[in-house]
Amino acid sequence: MTRQEVRALKPTEVVMALSQLTGWSLSGDGERIAIEKAFGFATHAQAMWFVNSMGWLSERLNHHPELLVNYAHCVVRWRTHDVKGLSSLDFKAAKETDGLMPA
C-alpha cells in the first residue's frame, strides 16, 4: 500500500478492523484517536529487544508508532497523522506488532 492510498477509516470500518485484533483498544478521540496495546516482558532486555524490533518494523512500513517504555513494559500506539485518524495501515502495523511476540 502506498502512502497515497492511505485514507481515514470510517467508524464502522474501525470497529470491524479492531474486532480482528486481540488485546488492542481505541485510545484518544478526534484527531488523536489511536489503537493501543500494552505488552509485558519478563526482563528489561526483552522489552528493549521488542522496542528495537518495533524500530525495524516501523521503518519497513514507513509508519511510526508512539511507544511508552518502562522497565519490562511497552505500550504501542498506532495512528495515522496524515489522515488525522486511523487508517488500514494502523491495523496492518498492529497485526505485525503482534507477530513480534513469541507464541
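Label sites at MET16 and HIS81, each approximated as a point 7 angstrom past Cα along Cα to Cβ, lie 2.9 nm apart. When ARG60, ARG7 are sorted by how many other C-beta atoms sit within 10 angstrom of their C-beta, beginning with the fewest, the order is ARG60, ARG7.
Spin-label model, LEU26 to ALA42: label points 7 Å out along the Cα-to-beta-carbon direction sit 3.7 nm apart. For the chain, what is the calculated [θ] at 222 nm in deg cm²/dmol (nearest 500), taking -39500 (n - 2.57) for each run of four or more DSSP H residues and dividing by its residue count? So the helix-based figure for the chain works out to -11500 deg cm²/dmol. For the chain, relative contact order (Cα pairs under 8 Å, six or more residues apart, normalised by length) works out to 33 percent.
Taking 2.2 N^0.38 Å as the expected size of a compact globular protein, what ratio does the Cα radius of gyration of the chain give against it, to two decimals? Before the final figure, lay out each step's value.
On the way: Rg = 13.4 Å, N = 103, 2.2 N^0.38 = 12.8 Å.
Normalised Cα radius of gyration, the chain: 1.05.
Coordinate-derived values only; no laboratory data. Since this is a predicted model, take the numbers as computed values, not measurements. Counting neighbours? That spans all protein chains shown, and the Cβs are built from the backbone with ideal geometry, glycine included.
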